[in-house]
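Chemist: Please see the structure below; I have some questions.
Bear in mind these aren't lab numbers, they're just calculated from the coordinates by the rules spelled out. Since we're looking at a predicted model, the values are computed, not measured. Positions of Cβ are generated from backbone atoms using ideal geometry, with glycine treated the same way; all protein chains shown enter the neighbour counts.
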C-alpha cells in the first residue's frame, strides 16, 4: 500500500503513517503522536527499568513533569516520551533489560 | 554566546493565564515575549493535536474552547503585528532579577533550554536568554499524587496525564479504566475516556456529595459550573459509569505479561469521613489496564520561589504565591497568574492573566467581581474535596513513595522516627526522597505529609523547602558553563 502525500498543503505534508523503530524493531505509527502514545498504541507500556529495583516504567504524569518515561531518541538520551513527537525515520531506544520472548502470564 | 531577546514584558506559559496575560499586555501597548515549554499554544487545559496534523481542531472534549479561540485569534493578530514574540518549545531553567545598573526597573532574565532534543518540525528555536522589564509567571500546575501500593506499575497514570494523552494524541492509553482520587476534575477525565470509546469501570471519589452542603452558596455563585456538572452527569448516565463516593483504591494489582509487570486490576474499599478504609467493604476490579489518580493539583512553584516571593498555604494545602489585586507579587515587577496564586481553574486563570498582563504593561486594572466569585467557588471545591486525613494508613512499609529514587514509606517513617527528619527537605538529604529526576514534583507533597506525621498537614516551610529547585529544568553542563560567558 502506498502512502499518499498531500502536495498542495502549505504545512508539512501529513503522511498516513510515520515509520519509526523501537529497539531496532520497525513500527508504523500515526503522525502527530507523541513517542509515548505511539508505543502505547502498540501495547508497549514500559521502556525503562529503574536503577535499584529494575522496575518497569512508562508513561505516568503524561505532561513532562515526572521523567518516568525517559528514553533515547535518535541518539539523544533522557528524552521524555510524552513530549517528543514521532518523526519519519526516528530511532527510539528504551532501556529495559532483555525480556524472555515467551513467558506464561500470571497474577503477581 | 546565546541570543538574547529584550522586551518590556516577558510572559512564561501559554495556557489560559499566560495567553490572556500576553494578549492583554500587547493590547495595552507593551512589547511582549511569550515563552512556553509546549510546542503550540494552549497549555495543559487547552492541549490539542499538533496543528501540523489537525490544523483546525474542533474543540471536542474541551471546556471553554470559545474562550481559547478568542484568545488565540487575538494572540495570532498581535504576533502578526509584531507585538508578541512567541518562543515555543523552550523551558526556563533559571530566572533571575537583574542587578540594578542606573535607575529603576532592573528587570528580569530568563534562561531557557529546548524542551525536547528532537523537535518534530525541526523548526524549533535554540536556547535563548530573555531580558524583560516586567515578568508574568503562569507556569500552571500538575496532578497532586498520593502513593498507594502498586502505583508504580506501568498502566498507572496521573488523571491529568490520561486527559493530556487523549487531547494531544486523539487516542486512548488503554481500554478499561478506573479513575480515583478526589475533586471535580475526575469527572471530565472519565467523561473524555468514555466519549473516546474507553470503558470506565468506576470513578472512585474519596469525598462525599454531602461535603458540598456547607458550600452551596459559593457554588450557586458560579452557575456555569452547575451546568458543566449536569453535562458530566449526562455523559456518566449515557455510558453507565459508576460514580462511587467515599471510595478509594487501596492497592493496584499487577500481573506479568510477556515478562513485564503491569496493571491488571485494583482493590478498593469504602472509607469513613477521615479516609480510613471500612472493614468488609473490599472489592476487586479485574481486567483493568489503566488506573488514573488525581488528588487535586500542585502549582508549579519553583520559578516564583526562586525570586523569594511571599507565599501562603491555600485552602487545598498547596503552597501558592501572594499577590495583590493587580496580580503583582511581593517582588515589584513580578506578576503571577493562574494556579500559582491558588488552584482555581481555567476561567479564573484567564481573568488573572488579563489583570496581570494589563498591569505589567502599565495599564489600569479594574477589580473583577467574576474573579471573586470563582475564587469563592474554588475554595468551596477545596473544602469539599480534601486530601483524606487518614491517607497515610493506606501505605505498607514497602510502598514506593519517591518513584525516582525508589524510597519506600517504611524508609521515610524510619527517618522521621529515628533521625528526626520532620520536613521534606531533611528527608531529601537523609534518604534521597525527592532527589531524583522529577525533583520531588511527584512525591513532594506526600513526603512532606509523611515527615509531618499522621494526620498533620505539612507547613509552608516544608513545602517551600522542597519546591525550591535551583535548576527549574534539567540542563546540559555546557549551558551551565556558559553562564559566566553570557553574563552581561
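Chemist: How do B:260, B:435 line up, fewest other C-beta atoms within 10 Å first?
Modeler: Values: B:260 20, B:435 17.
Ordered from fewest to most neighbouring Cβ atoms within 10 Å, B:260, B:435 come out as B:435, B:260.
Chemist: Which value in deg cm²/dmol, rounded to the nearest 500, describes the helix-derived mean residue ellipticity at 222 nm for the protein assembly as shown, given -39,500 (n - 2.57) per DSSP H run of n ≥ 4 and division by the residue count?
Modeler: Dividing the helical sum by the residues of the protein assembly as shown leaves -8000 deg cm²/dmol.
Chemist: In whole Å, what is the distance between the alpha-carbon centres of the stretch B:37-57 and the stretch A:50-80?
Modeler: Using only Cα atoms to place each centre, the spacing works out to 23 Å.
Chemist: Can you tell me the 0 to 90 degree angle between the C-alpha axis of helix B:477-486 and the longest principal axis of chain B, rounded to 10?
Modeler: Its long axis makes an angle of about 30 degrees.
Chemist: Say each of residue B:217 and residue B:483 gets a label point 7 Å from the Cα, pointing the same way as Cα to Cβ; how far apart are those two points in nm?
Modeler: For the pair residue B:217/residue B:483, the computed spacing is 5.1 nm.
Chemist: Ranked highest first by the average count of other Cβ atoms within 10 Å around their residues, in what order do B:7-15, A:51-59 fall?
Modeler: B:7-15, A:51-59
Chemist: Report relative contact order for the stretch A:18-93 in percent, whole number only (criteria: Cα-Cα under 8 Å, sequence separation at least 6).
Modeler: For the stretch A:18-93, the relative contact order is 39 percent.
Chemist: Expressed as a rounded percentage, what relative contact order does the stretch B:391-462 have, with Cα pairs under 8 Å and six or more residues apart?
Modeler: Once normalised by length, the contact order is 30 percent.
Chemist: Moving to a separate point now. When the expected Rg is taken as 2.2 N^0.38 Å, what fraction or multiple of it is the alpha-carbon Rg of chain B?
Modeler: Here the answer is 0.96, to two decimals.
Chemist: Also, quick follow-up: Using only the alpha-carbon atoms, how far is helix B:159-169 inclined from the longest principal axis of chain B? Give it as 0 to 90 degrees, nearest 10.
Modeler: 60
Chemist: Now, a different point. Could you put B:479, A:93 in order, starting from the residue whose Cβ has the fewest other Cβ atoms within 10 Å?
Modeler: A:93, B:479
Chemist: Another question about this same structure. Antiparallel DSSP bridges in the protein assembly as shown: what percent, to the nearest 5?
Modeler: 55
Chemist: Right, something else. Using only the Cα atoms of the stretch B:145-294, construct the convex hull and provide its projected area averaged over every direction, in square nanometres to one decimal.
Modeler: For the stretch B:145-294, averaging the hull's shadow over all directions gives 9.6 nm².
Chemist: Give, in whole angstrom and from largest to smallest, the semi-axes √(5λ) of the equivalent ellipsoid of the stretch A:18-93, with λ running over the eigenvalues of the Cα gyration tensor. Show your work: numbers first, answer last.
Modeler: Values: eigenvalues 73, 33, 25 Å².
Largest first, the stretch A:18-93 gives 19, 13, 11 Å.
Chemist: Which value in nm describes the separation of the simple spin-label points at residue B:366 and residue A:41, placed 7 Å from the Cα toward the beta carbon?
Modeler: Label at residue B:366, label at residue A:41, 4.7 nm between them.
Chemist: Roughly speaking, what is the stretch gain from residue B:419 to residue B:98, that is 0.36 nm per residue apart minus the C-alpha to C-alpha distance, in nm to one decimal? Mind showing how you got there, number by number?
Modeler: Values: separation 321, 0.36 × 321 = 115.56 nm, distance 4.02 nm.
My answer for the length gained is 111.5 nm.
Chemist: Right, another one. Over the stretch B:145-294, what is the percentage of antiparallel beta bridges among all DSSP beta bridges, to the nearest 5?
Modeler: If we restrict to bridges inside the stretch B:145-294, about 45 percent are antiparallel.
Chemist: Then there's this: Once you average over the residues of B:158-168, how many Cβ atoms of partner chains fall within 10 Å of each Cβ?
Modeler: 5
Chemist: Something else: To the nearest Å, what is the center-to-center distance of the stretch B:173-189 and the stretch B:213-287, using C-alpha atoms only?
Modeler: Computed from Cα coordinates, the inter-centre distance equals 7 Å.
Chemist: Same structure, new question: What per residue convex hull volume, in Å³, comes out for the stretch B:391-462 when only alpha-carbon positions are used?
Modeler: Dividing the Cα hull volume of the stretch B:391-462 by its residue count gives 73 Å³.
Chemist: For the pair residue B:210/residue A:23, report the inter-label distance in nm, with labels modelled 7 Å from Cα in the Cβ direction.
Modeler: Reported label-point gap for residue B:210 and residue A:23 is 5.2 nm.
Chemist: Taking the Cα of residue B:456, stepping 7 Å toward and past its beta carbon, and measuring to each backbone N in the stretch B:398-417: which are under 17 Å?
Modeler: The answer is B:412-417.
Chemist: While we're here: If you build the convex hull over the alpha carbons only and average its shadow over all orientations, what do you get for the stretch B:282-414? Give it in nm² to one decimal.
Modeler: In nm², the orientation-averaged hull projection of the stretch B:282-414 is 11.5.
Chemist: Okay, next question. Which value, in nm² and rounded to one decimal, describes the direction-averaged projected area of the C-alpha convex hull of the stretch B:29-163?
Modeler: Over all viewing directions, the stretch B:29-163 projects a mean Cα-hull area of 11.6 nm².
Chemist: What's the average, rounded to a whole number, of partner chain beta-carbon atoms within 10 Å of each residue's beta-carbon in B:172-183?
Modeler: The per-residue average across the peptide is 1.
Chemist: Now a separate question. What does the highest-first list of B:176-189, B:39-52, B:455-468 look like by mean Cβ count within 10 Å?
Modeler: Ranked by mean Cβ neighbours within 10 Å, highest first: B:176-189, B:39-52, B:455-468.
Chemist: On a 0 to 90 degree scale, rounded to 10, what angle separates helix B:346-360 from the longest Cα axis of chain B?
Modeler: So the inclination is approximately 20 degrees.
Chemist: Let me know the mean shielding of B:402-412 by other chains, meaning the per-residue number of their Cβ atoms within 10 Å of its Cβ. Write down the numbers at each step before the final one.
Modeler: Values: counts 0, 8, 6, 3, 5, 1, 0, 0, 0, 0, 0.
Taking all residues of B:402-412 together, the mean is 2.
Chemist: Relative contact order for chain B: what percent, with Cα pairs under 8 Å and sequence separation of 6 or more?
Modeler: 18
Chemist: Continuing with this model, one more query. Of all beta bridges DSSP finds with both residues in chain B, what is the antiparallel percent, to the nearest 5?
Modeler: 50
Chemist: Work out, step by step, the length gained on full extension between residue B:227 and residue B:398: first 0.36 nm times the residue separation, then minus their alpha carbon distance; give nm to one decimal.
Modeler: 57.2 nm
Chemist: Which peptide among B:345-357, B:304-316 comes first, and what is the full order, when sorted by highest mean count of other Cβ atoms within 10 Å?
Modeler: Output ranking for B:345-357, B:304-316: B:345-357, B:304-316.
Chemist: Largest first and to the nearest Å, give the Cα extent of the protein assembly as shown along each principal axis.
Modeler: 68, 63, 51
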